[in-house]
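So the structure is just underneath, and the comments pick up after that.
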Amino acid sequence: MTFVTRLKDVAARSPWLYRINAGSCNGCDVELATTALIPRYDVERLGCVYCGSPRHADIVLITGPLTRHVLAAAQRVFAEIPDPKVTVAVGVCPITGGIFRESYAICAPIDQYFPVDVNVPGCPPRPPAIIEGVAKAIAIWRQRL
Amino acid sequence: MTSQLPILVAALVFPGGVFALALGLALKGADRRLAARLQGRVGPPLAQPFFDIVKLGFKRTMAPDVACAPVFFGAPLIGAASMLLAMTLVPIAGVYAPGPIGGDLLVLIYLLAVPGVALMLAGSSSGSPYGAIGFSREMAMMLAYEGPIVLIVAAVALRVGLATGEGPTFSLSAIAAYQQEHGALLFDPVMWPAVVAFVFFYPANLGIVPFDIPEAETEVLEGPLLEYSGRPLALFKVMSALKAVVVLGLGVALFIPLPFTGALGLIGWLVELLALALIGVTAVRVGAGRMRIDQAFVFFLKWPLALALASLLAAAYFSAGGAS
């Protein structure tokens, strides 16, 4: 038992990230791709890398208010991510709909459709907030391993 | 000079198997760490590739409905097994010499092609269009770099064979032993074009920027690996870690085996491998962008092929003239 627990502790140090842009304005995506998670704030310290394929992902970062047009596609991609996985909603749009909240074309809040584990509010969220969200997601992911 | 190990020990413990895997993953960790430092980041722990492999073991394994399952799950096994075997063929100068049949360069060249074929099988059996694109790109890359490596090997074999007066020798341990005695081929002007060609060859064979075209994440979403998850993906990671050791070890054996034996020889070999990986792989990968497949294809058929051919002709001419 203890050996497996140790292995799981080791495994939890390698969370791979995958982004789903569910109709985002790209503000949060810019924060994710270029500010928070790559050069300056470096989440590779936590073992995170971006992966191109949902099949390789452990932590899913969803941005945007989930437009009706993208709903089915986003759900399909989400289903392709192998368990165990953790979902992080990045930005205020997936949480409440943000500036799009009155629109007929969106399905926010996204927790009607996805099991959201961590919310990172902001428009866009500050990079330290995103990193804190990822760190919390890693803790949850360790429980699920 | 060196003791012969049973092939099973050689494949599973040293220098293949456990040893090569640990070394390959450590090289990968050093590569990621140095890349991060060059970009002004802290970077992951050195053992990060180990964590990744362990993690993949805990993930669920999925296969697409349209995939041809036996090929889809067989490809990573074939690829990793071929590299375990290939590792037994690479001599470590003064430490390990493969047996007379095992030490054959031509067998090694064939085995080196197997991971590429495994990736092609993986991409084409996954049923994904991105996998199919990765398959076609992998095939184009193989066509481009297989020619130069064969010529490089032929040039080295001819040079050593004519120098010893026994005709071309394709025994890698004989080549390494010759260099231990007469100085490394790296310092032989006739071999310089071949060395340059090899420097172009190994990033392409290892699938590293600027030649990571078949697995480009931003274009074809990791191509052949797109549909893999869990343990088969871990096997592919193992395969590429082993392949790095095999290809770098081949480079060391061909051009710069150290004239030491025993522990000193092993440490020197590890240092050489690390230097090759950090200078030839990391520095290039951080500093260069990705080529397009047509650019890479033309590039390989132009420069490395010409350089390797120049070395081969020079080796034949100068040895025949008795100049060596």
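Here, each number is a calculation from the coordinates, and none is a lab measurement. The model shown is predicted, which means the values in this text are computed figures rather than measured ones. Cβ atoms come from the backbone with ideal geometry, glycine included; neighbour counts cover every protein chain shown.
Miscellaneous remarks
- Rounded to 5, the percent of DSSP beta bridges in segment A:2-144 classed as antiparallel: 5 percent
- Each eigenvalue of the Cα gyration tensor of segment B:7-320, multiplied by 5 and square-rooted, gives one semi-axis; in descending order these are 32, 22, 19 Å.
- Angle between chain B longest axis and helix B:230-255 axis [Cα atoms, degrees, rounded to 10]: 10 degrees
- Kirkwood's formula applied to the C-alpha pairs of segment A:2-144 gives a hydrodynamic radius of 15.1 angstrom.
- Nonlocal amide H pairs with A:Thr67, under 5 Å, H built at 1.01 Å: A:Gly23, A:Cys107
- Between the C-alpha center of segment A:87-145 and that of segment A:47-61 there is a gap of 16 Å.
- Sites matching trypsin sites (Lys or Arg not before Pro) across segment B:42-85 that sit in DSSP coil, with at most 13 neighbouring C-beta atoms within 10 Å: B:Arg60
- Globularity index of segment B:224-306, i.e. its alpha-carbon radius of gyration over 2.2 N^0.38 Å: 1.40
- Crossing angle, helix A:68-79 versus chain A [Cα axis fit, 0-90 degrees, rounded to tens]: 10 degrees
- Of all beta bridges that DSSP places with both ends in the protein assembly as shown, some 15 percent have antiparallel geometry.
- The B:Arg292 and B:Leu38 beta-carbon pair, evaluated with R₀ = 25 Å, returns a calculated FRET efficiency of approximately 0.55.
- Violating pairs (Cα-Cα greater than 18 angstrom) within the set A:Lys136/B:Lys237; A:Lys8/A:Lys85; B:Lys59/B:Lys237: A:Lys136/B:Lys237
- The protein assembly as shown - Debye-derived log10 I(q)/I(0), Cα point model, q = 0.06, 0.07, 0.09 Å⁻¹: -0.30, -0.40, -0.64
- For the pair A:Val4 and B:Val9, a Förster radius of 35 Å applied to the C-beta separation gives a FRET efficiency near 0.75, rounded to the nearest 0.05.
- Most mobile of B:Gly123, B:Gly165, B:Gly183 in a GNM of chain B (Cα contacts under 10 Å): B:Gly165
- Extending 7 Å from the Cα toward the beta-carbon at both B:Leu77 and B:Trp303 defines two label points whose distance is 4.1 nm.
- Residue-averaged 222 nm ellipticity for chain B, from DSSP H runs of 4+ at -39500 (n - 2.57), nearest 500: -22500 deg cm²/dmol
- Efficiency of FRET from Cβ geometry, B:Leu143 and A:Ala72, R₀ 45 Å, rounded to 0.05: 0.65
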